[in-house]
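First comes the structure, then the notes that go with it.
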Amino acid sequence: MSTERLPRVNQLIKKELSQIMLREADFPEGALVTLTRVETSANLIQVKAHISVMPQEMSQDVLKTLRGLVYELQQKLNGRLKMRPIPRIIFIEEEAVREAGRIEELLEKIKND
């Protein structure tokens, strides 16, 4: 597989999956959900979709919603992409955003003290 193919596949899946999630997923009230990045395995069997949720307290509810809709989201993605195999979607919470939020919280605490 060429070294250029995997980044292009990641970009395509991120674009299409973001659009599908925007239209199809019914997230809890007040949740802001962002698909930050996707990582497709080299053999194109699975894709890890990293999501960011604001506020952070709603992340587990959003992940539960997405995991419940994964079959429908997968079917929509299969219809949009002209590639085989279509990777299986696994939703993961973005850790970098969580860490950045924690650092921001600590800085705010220091500032107030």
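The values are calculated or read from the model by the stated rules, or taken from the named source; none is laboratory data. A quick note: this is a predicted structure, and the numbers were derived from the prediction, not measured. Heads up, the Cβs are rebuilt from the backbone with ideal geometry, glycines too, and the neighbour counts pull from every protein chain shown. Side chains are part of the model used for accessible areas, which takes the heavy atoms of the whole protein and leaves out ligands, DNA and RNA. Shrake-Rupley method; radii C 1.70, N 1.55, O 1.52, S 1.80 Å.
Compute the separation of the alpha-carbon centres of segment 70-101 and segment 18-45 and state it in Å as a whole number. What the calculation gives is 6 Å, centre to centre. Expressed as a whole percent, the accessible area of the chain that falls on carbon and sulfur atoms is 53 (1.4 Å probe). When the helices of the chain are scored as -39500 (n - 2.57) per DSSP H run of n ≥ 4 and the total is divided over every residue, the value at 222 nm lands at -18500 deg cm²/dmol. Taking Cα centre as origin and charging only the Cβ of basic (Lys, Arg, +1) and acidic (Asp, Glu, -1) residues, the dipole magnitude of the chain rounds to 840 debye.
Antiparallel beta bridges, as assigned by DSSP with both residues in the chain, represent about 55 percent of the total such bridges. Below 8 Å, C-alpha to C-alpha, sequence gap of six or more: please give me the relative contact order for the chain in percent. So the answer I get is 27 percent.
For the chain, leaving out every one of the GluC sites (Glu not before Pro) that falls in a DSSP loop and has at most 15 other Cβ atoms within 10 Å, the longest unbroken run is 30-113. For segment 29-84, taking the reciprocal of the average inverse distance between every pair of different Cα atoms yields a Kirkwood hydrodynamic radius of 12.7 Å. A 1.4 Å probe over all protein chains sorts THR34, THR40 by accessible area into THR34, THR40, starting with the largest.
Taking every lysine pair in the chain that is 8 or more places apart or spans two chains, those with Cα atoms closer than 17 Å amount to 8. Pick out, in residue order, every one of the trypsin sites (Lys or Arg not before Pro) in segment 1-105 that is DSSP loop and has at most 16 other C-beta atoms within 10 Å; say none if there are none. Here the sparse-neighbourhood loop sites are LYS82.
Would you work out if segment 52-113 is rounded, prolate or oblate? Take a ≥ b ≥ c from the square roots of the eigenvalues of the alpha-carbon gyration tensor; rounded if a/c is under 1.5, else prolate when a/b is larger than b/c, oblate otherwise. Note, shape of segment 52-113 comes out prolate.
Think of a 1.4 Å ball rolled over the protein heavy atoms: the chain then has 67 Å² of accessible area per residue.
Shape summary of the chain, radius of gyration then Dmax from alpha carbon positions: 16.1, 56 Å.
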